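Peer 1: Pasting a structure below so you can have a look.
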Amino acid sequence: MSKNIIITGTSRGIGYELATQLSNEGHHVLALSRNIKPLQNNNLDNLECIACDIAIEDDLKSVQRYVEEHWKHVDIIIHNAGRLVNKAFGETTTADFLDVYKVNVFAVAELTRLLLPYLKNESHVVTVSSMGGIQGSMKFPGLAAYSSSKGAVITLSELLAEEYKEQGISFNVLALGAVQTEMLAEAFPGYEAPTTAKEMGRYIANFALTGHQFYNGKVLQVSASTP
């Protein structure tokens, strides 16, 4: 049975692979990113793209309007978009922290809030976090804003799972290790990850479709390497 699936950060990397794979499987996908050309050029069936900066509240409301007009309900949200600043902590400003948190935390909260009326029993909200957000995991210099934001969104998801469990809405987090993407290159220049974006996209797609049957309020560490 086809699902109504919203994915953020779909212009490249894992988000691009997720949107491509899930639409090819026959699911109805709403892809959100500032740059929609990469996906639009593929002319995929079942795929609708909205040019959206998720750090801007009015842009998020356009997503809500689309759901209200066309879908009426949402089965899956995959919060995949991420913002990274790689800078020594002593040089990291409040503006840098806000820039990262607006995408990695505040947008996750606001988009979820706007779409709550359309989530139903067995809906699944999946947030893509990072091993850097796991307490006790190895940490790396220069990623104070990014990794702390990824820790914040883990706690947010745990809280939402508790608050909405009676409605049958599941919230889970996948804390990813190294995946060969443009963002990894920004964080660790020259490092080659053992996992491709397409491979991780397949894993996340499968988890988004089935993980709510087994998990709620959980954080799964999806990492075969360090970083």
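Any read-out appearing in this document is the output of simple, stated calculations on the displayed coordinates, not a laboratory observation. This one's a predicted model, so the numbers in the text were calculated from it and none came from an experiment. Using ideal geometry, Cβ is built from the backbone for each residue, glycine included, and neighbour counts are taken over all protein chains shown.
Peer 1: Over 30 Å, how big is the tail of the calculated P(r) for the chain, in percent of all Cα pairs?
Peer 2: Beyond 30 Å sits 17 percent of the P(r) for the chain.
Peer 1: Hey, what number do you get for the chain at 222 nm if only DSSP H runs of n ≥ 4 count, each worth -39500 (n - 2.57), divided across all residues, to the nearest 500?
Peer 2: Counting only the DSSP helices, I get -11000 deg cm²/dmol.
Peer 1: Report, in degrees rounded to the nearest 10, the 0 to 90 angle that the Cα long axis of helix 144-163 makes with the longest principal axis of the chain.
Peer 2: 40 degrees
Peer 1: With charges only on Cβ, +1 for K and R and -1 for D and E, what is the dipole size of the chain about its Cα centre, in debye, rounded to 20?
Peer 2: Dipole magnitude for the chain comes out near 220 debye.
Peer 1: Right, here's the next one. Report the calculated FRET efficiency for R113 and Y191 (r = Cβ-Cβ distance, R0 = 35 Å), to the nearest 0.05. Before the final figure, lay out each step's value.
Peer 2: On the way: r = 36 Å, r/R0 = 1.02.
The calculated FRET efficiency here is 0.45.
Peer 1: Could you give the nm distance between label points at N46 and Q64, where each point is 7 Å from its Cα heading toward the beta carbon?
Peer 2: Inter-label distance under the simple model: 2.8 nm.
Peer 1: Cut-off 10 angstrom, C-alpha nodes, Gaussian network model of the chain. Which of A208, A88, A197 fluctuates the most?
Peer 2: A88
Peer 1: Now a separate question. Which whole-number percentage describes the relative contact order of the stretch 122-162, with Cα contacts under 8 Å and a sequence gap of 6 or more?
Peer 2: Computed over the stretch 122-162, the figure is 42 percent.
Peer 1: Charges on Cβ only, +1 for Lys and Arg, -1 for Asp and Glu, centred on the Cα centroid of the stretch 93-217; of P189, T94, Y164, which one is farthest towards the dipole's positive end?
Peer 2: Y164
Peer 1: Where in the stretch 168-197 is the amide nitrogen less than 19 Å from a point lying 7 Å along the Cα-to-Cβ axis of F89?
Peer 2: Within reach of a label on F89: 187-188.
Peer 1: Moving to a separate point now. Ordered by packing density, taken as the mean number of other Cβ atoms within 10 Å over each peptide's residues, highest first, how do 128-136, 109-117, 25-33 rank?
Peer 2: Put in order of decreasing packing, that is 25-33, 128-136, 109-117.
Peer 1: Could you pull out the pairs from K61/K150; K61/K87; K72/K102; K3/K87; K3/K37; K3/K139 whose alpha carbons sit more than 29 Å apart here?
Peer 2: From the list (K61/K150; K61/K87; K72/K102; K3/K87; K3/K37; K3/K139), the Cα-Cα distance tops 29 Å for K61/K87; K3/K87; K3/K139.
Peer 1: Equivalent ellipsoid semi-axes for the stretch 22-152, as square roots of 5 times the alpha carbon gyration tensor eigenvalues: give them largest first, rounded to whole Å.
Peer 2: Semi-axis lengths for the stretch 22-152 are 29, 16, 15 Å.
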